[in-house]
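Trainee: The structure under discussion is supplied below as structure tokens; questions concerning it will follow.
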Amino acid sequence: MEKLSLGAKKLGLELTPTQLEQFDIYYQEMVDWNKRVNLTAITDYEEVQIKHFLDSLTVTIAWQQAKGNTVIDVGTGAGIPGIPLKIVFPDIKLVLLEATAKKAAFLRHIVQELGLNDVEIVVGRAEDIAHLAQYRERFDLVLSRAVAQLPTLAELALPFCALGGSFIAQKKGDTSEEISRASKAIGLLGGNLREVKRVDLEEFADERWLVVIDKVSPTPAQYPRRSGMPAKRPLG
């Protein structure tokens, strides 16, 4: 895990031998399960260290950790970015939300293998789970990576965010048009665009951004709309 270790240092994170061992186990199990369950197209040892693990940790560039420790990863897939952050910050209380039962089975397995505490795996669609009282507006930090375009993503993620909390979306490439299209949705759902931060690490050849949205007012009760609607008819 040398690539990950060196990259993490550039983010101000000194990974312990135990944490690096956990990342190694995570990699081995992910690749093994990937033969049966479609978890990732990236399986090369060094590529996973950079494109999955280090990429997850770049969230710390914009994450104000003092604001709270309840985190939800919406559409987590193989546990990215939630599990890497949990390995490095074991005190966070993490919810991994995943709609696919087979991926959720992997998540349960890997959480047990890595000995992670305070991790809840929820199987379901964000459109449904966000209307349940125990998850709605309960989280200091909402994360999502490579799930949808920002106008759709805002509707799926912001209902989980507590007032005073933040939603960080990880994006690649030119995001200006996408952010512009999302501005109406962000405001309607109780959000305020705080900043768009560039991930400036030489490990990434492409442009990577963190879109940081603060939750400034409650999300109206009708949002998110029923399953599929946020993607079919994005707000705004």
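The values are calculated or read from the model by the stated rules, or taken from the named source; none is laboratory data. None of these values were measured; they are calculated from a predicted model. All Cβ positions, glycine included, derive from the backbone under ideal geometry; neighbour counts span all protein chains shown.
Trainee: Specify which of the listed residues (LEU85, LEU6, LEU20) is surrounded by 15 or more Cβ atoms within 10 Å (Cβ to Cβ), free of Cβ contacts under 8 Å to residues at least 60 places away in the same chain and over 27 Å from ALA126 (Cβ atoms).
Mentor: LEU20
Trainee: Of the residues that sit in the stretch 41-76 and are buried (at least 19 other Cβ atoms within 10 Å of the Cβ) and free of Cβ contacts under 8 Å to residues at least 40 places away in the same chain, which one is nearest to the chain's Cα centre (by Cα)?
Mentor: THR76
Trainee: Consider ARG225 against the criteria (1) in contact with a Lys or Arg (Cβ under 9 Å, 6 or more places away or on another chain); (2) buried (at least 16 other Cβ atoms within 10 Å of the Cβ): it satisfies all of them except one. Which criterion is unmet?
Mentor: All conditions are met except number (2).
Trainee: Which of the residues spanning the stretch 199-226 are modelled with pLDDT under 95 and either closer than 15 Å to LYS184 by Cα or of a type in the set (Gly, Ala, Ser) (or both)?
Mentor: Of everything in the stretch 199-226, just one residue is modelled with pLDDT under 95 and either closer than 15 Å to LYS184 by Cα or of a type in the set (Gly, Ala, Ser) (or both), namely ALA205.
Trainee: Cβ-Cβ below 6 Å, separation at least six or inter-chain, first residue in the stretch 141-154 and on the phi < 0 side of the Ramachandran plot and surrounded by 24 or more Cβ atoms within 10 Å (Cβ to Cβ), second β-branched (Val, Ile, Thr) and at pLDDT 95 or above: which pairs?
Mentor: These pairs meet every condition: LEU141/VAL71; VAL142/ILE72; LEU143/ILE168; SER144/VAL74; ALA154/ILE186.
Trainee: Are any residues in the stretch 88-106 surrounded by 18 or more Cβ atoms within 10 Å (Cβ to Cβ) and within 19 Å of TYR135 (Cα to Cα), and if so, which ones?
Mentor: ILE92, LEU94, VAL95, LEU96, LEU97, GLU98, ALA99, ALA104
Trainee: Among the residues of the stretch 124-139, are any closer than 23 Å to LEU4 by Cα and either among the aromatic types (Phe, Trp, Tyr) or crowded, with 16+ Cβ neighbours inside 10 Å (or both)?
Mentor: From the stretch 124-139, those closer than 23 Å to LEU4 by Cα are none; that's our starting set.
There is no residue in the stretch 124-139 that is closer than 23 Å to LEU4 by Cα and either among the aromatic types (Phe, Trp, Tyr) or crowded, with 16+ Cβ neighbours inside 10 Å (or both).
Trainee: Okay, next question. Search the stretch 88-110 for residues that are more than 19 Å from ARG138 (Cα to Cα) and in contact (Cβ under 8 Å) with a residue 40 or more places away in the chain and pair each with any residue that is surrounded by fewer than 18 Cβ atoms within 10 Å (Cβ to Cβ) and of a type in the set (Ser, Thr, Tyr) when their beta-carbon atoms are under 6 Å apart and the residues are at least 6 apart or on different chains.
Mentor: Between residues of the stretch 88-110 that are more than 19 Å from ARG138 (Cα to Cα) and in contact (Cβ under 8 Å) with a residue 40 or more places away in the chain and residues that are surrounded by fewer than 18 Cβ atoms within 10 Å (Cβ to Cβ) and of a type in the set (Ser, Thr, Tyr), there is no close pair.
Trainee: For residues that are out of contact with any Asp or Glu (no Cβ under 9 Å at 6 or more places or on another chain) and not hydrophobic (A, V, I, L, M, F, W, C), scanning just the stretch 204-231, find the one that is nearest to GLY68 (Cα to Cα).
Mentor: Step by step, filter the stretch 204-231, then rank; the result is ASP214.
Trainee: Please verify whether the stretch 84-94 includes one or more residues that are farther than 13 Å from VAL119 by Cβ and modelled with pLDDT of 95 or more.
Mentor: So far as the stretch 84-94 goes, yes, one or more of its residues are farther than 13 Å from VAL119 by Cβ and modelled with pLDDT of 95 or more.
Trainee: Can you report the number of residues in the stretch 41-93 which are part of a helix (DSSP H, G or I), among the polar types (S, T, N, Q) and either touching an Asp or Glu at 6+ places or on another chain (Cβ under 6 Å) or under 20 Å from VAL196 (Cα atoms) (or both)? Even if it seems obvious, please write down each step before you answer.
Mentor: The initial filter retains those residues of the stretch 41-93 that are part of a helix (DSSP H, G or I), namely 45-61, 65-67, 82-88.
Next, from what is left, pick out any that are among the polar types (S, T, N, Q): 49, 56, 58, 60, 65.
Still in the list and also either touching an Asp or Glu at 6+ places or on another chain (Cβ under 6 Å) or under 20 Å from VAL196 (Cα atoms) (or both): 56, 58, 60, 65.
Qualifying residue count, the stretch 41-93: 4.
Trainee: Next question, about the same structure. For the stretch 154-176, name all the residues that are out of contact with any Lys or Arg (no Cβ under 9 Å at 6 or more places or on another chain) and closer than 19 Å to LEU188 by Cβ.
Mentor: ALA154, ALA157
Trainee: Within the stretch 97-110, track down each residue that is in contact with a helix residue (DSSP H, G or I) (Cβ under 7 Å, 6 or more places away or on another chain) and either in a loop (DSSP other than H, G, I, E, B) or within 22 Å of GLY191 (Cβ to Cβ) (or both).
Mentor: Residue satisfying the conditions is LEU97 alone.
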